Amino acid sequence: MSRRRVVVTGMGVVSPVGNTVEEAWNAVKNGKSGIGRISLFDSSALKVHIAGEVKNFDVERYGIDHRAIRKMARFSQFLLAASAQAVSDAGYTRENLKNEKVGLSIGCCLGGMDVAEDGFVKYFDPAFGPDRLPPLTTPMMISNEAAANVNLYYGLQGLSWTLNTACASGTDAIGLALDLIRSGRLDMALSGGTESAINGFTVGTFTALQALSIKRNDEPEKASRPFDADRDGFVLSEGSAVLMLEELEHAKKRGAKIYGEIAGFGSSNDAYHITAPLKDGSGAALAVREAIQDAGIRPEEVQYYNAHGTSTKANDKGETAMLKLVFGEHAKKLKVSSTKSMTGHLVGAAGAIEALFCLKTINDNVIAPTINLDNPDLENGCDLDYVPNKSISCKVDVAASASLGFGGHNGALIFKRYVD
């Protein structure tokens, strides 16, 4: 029996580079950074003053009641907005979507850290204390509440799962949705990721871990520089991206437009370190190889790879080594770019927005660049074609993306141009 094929029929995004798919895609393909000075809180006590904030965001534009919005943390609002875009783009409404065999598979790593921080401040403040904590602190901060709010808004009573595999969460959530549709458990799935953790506590803890860029507070657009010899860490960002995944025959029957096919998924764990990746990339290579095998293609068929590309010393070196392990000589022909150079690192939502960019690459035949790549880190083996600083026109039929998270979590996806 042939395996059910899964395609993408809707997309939505809220991000530092734009709050619609076209706005975000136009920004990254034109090399426009969304990194700027932090405005969500006073960062003066910290070493880091830059982040990838979502700008000009108004969740009420999607018809969501302001009383409901007051009960949602920022990361939940982002997911609901991106989901609303994806649902509409797929040709559905609140009224008819609930009649479908649809579920949610969402990645989220940190959840409502801003709500948690506010709760802790009040807890230790003598003027408040434990007896005066906001009663909705827990239901607003826990990571599953973003998906729960989408369920509430659309009246969806089917499967609804939130996955946390650190920075691989969004990628793994899409992979899980792919398998759920293939199995017949679902016909459709809203899948992607969401994150909003730009607050003093989170920025402070990542800074203490020496993970964030601290050298370019005065030139934020140049701070995220994957594969560059002068990189010094990633830039924390926020946002959400959601895809509507759909079983092919179901999509064809209703005449849906199809952005592309999700053909393969792989997952692995380094079993090495709680934060650092394996230096030789062998753990991540297991996930990418599995995704390629799952897609039923040869490694040489992959033309474009959207890199995890965080702009940290360890990631960029190890990820490049991984590509050489998986693709061999073909790695030198592969077009590789890190859109994190413009979006920053959306943590649990990173893989989801990068999946969206892969699909736009296939649809538009344009590969977005890795900006700020002025001096490739050749000393540490970063010698592939990272599409430096300017996008290129190139027909892409097969694209891949991988996400590599703390705890050794690795996820990989393969996207194909849709051919009936």
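The values are calculated or read from the model by the stated rules, or taken from the named source; none is laboratory data. Quantities reported herein were computed from a predicted structural model and do not represent experimental measurements. Every residue, glycine as well, gets a Cβ built from its backbone with ideal geometry; the counts of neighbours run over all protein chains shown. Ligands, DNA and RNA are stripped out before the accessible areas are found, and what is left, the full protein with its side chains, is counted by its heavy atoms. Shrake-Rupley method; radii C 1.70, N 1.55, O 1.52, S 1.80 Å.
Observations on the model:
- Members of the range 146-185 found to be touching a Cys at 6+ places or on another chain (Cβ under 9 Å), more than 11 Å from Gly103 (Cα to Cα), not β-branched (Val, Ile, Thr) and not in a loop (DSSP other than H, G, I, E, B), listed by number: Ala146, Leu163, Cys167, Ser169, Gly170, Ala173
- Set Leu278, Leu323: member being among the aliphatic types (A, V, I, L, M), open to solvent by less than 50 Å² (accessible area, probe 1.4 Å), over 28 Å from Arg182 (Cβ atoms) and outside any strand (DSSP E or B): Leu278
- Scanning the range 1-13 for residues that are of a type in the set (A, V, I, L, M) and either under 20 Å from Glu60 (Cα atoms) or open to solvent by less than 50 Å² (accessible area, probe 1.4 Å) (or both) gives Val6, Val7, Val8, Met11, Val13.
- Scan the range 299-339 for residues that are touching a strand residue (DSSP E or B) at 6+ places or on another chain (Cβ under 7 Å), closer than 23 Å to Lys32 by Cα and charged (D, E, K, R) and the total you get is 1.
- Only one entry in Ala51, Ala82, Ala27, Ala90 is open to solvent by less than 60 Å² (accessible area, probe 1.4 Å) and more than 30 Å from Asn372 (Cβ to Cβ), namely Ala90.
- Scoring Pro16 on the criteria (1) over 29 Å from Val203 (Cα atoms); (2) buried (at least 22 other Cβ atoms within 10 Å of the Cβ) leaves a single failure, condition (1).
- Residue list for the range 151-167, filter: within 14 Å of Ser191 (Cβ to Cβ) and of a type in the set (A, V, I, L, M): Leu156, Leu159, Leu163
- Some residue of the range 347-364 being aliphatic (A, V, I, L, M), at pLDDT 95 or above, outside any helix (DSSP H, G or I) and open to solvent by less than 10 Å² (accessible area, probe 1.4 Å): no
- The single condition among (1) open to solvent by 10 Å² or more (accessible area, probe 1.4 Å); (2) within 28 Å of Phe57 (Cβ to Cβ) that Ile262 does not meet is (1).
- Among the residues of the range 153-177, those identified as among the polar types (S, T, N, Q) and either within 15 Å of Ser268 (Cα to Cα) or in contact with a strand residue (DSSP E or B) (Cβ under 6 Å, 6 or more places away or on another chain) (or both) are Ser160, Thr162, Asn164, Thr165, Ser169, Thr171.
- Residues located in the range 1-30, provided they are over 21 Å from Tyr418 (Cβ atoms), at pLDDT 95 or above and of a type in the set (A, V, I, L, M, F, W, C): Val14, Val17, Ala24, Ala27, Val28
- The condition of being in contact with a Lys or Arg (Cβ under 6 Å, 6 or more places away or on another chain), at pLDDT 95 or above and open to solvent by less than 10 Å² (accessible area, probe 1.4 Å) holds for only one of Ser191, Ser196, that being Ser196.
- With respect to the conditions (1) in a loop (DSSP other than H, G, I, E, B); (2) in contact (Cβ under 8 Å) with a residue 12 or more places away in the chain; (3) more than 18 Å from Ser391 (Cβ to Cβ), Lys32 lacks only one, and its number is (3).
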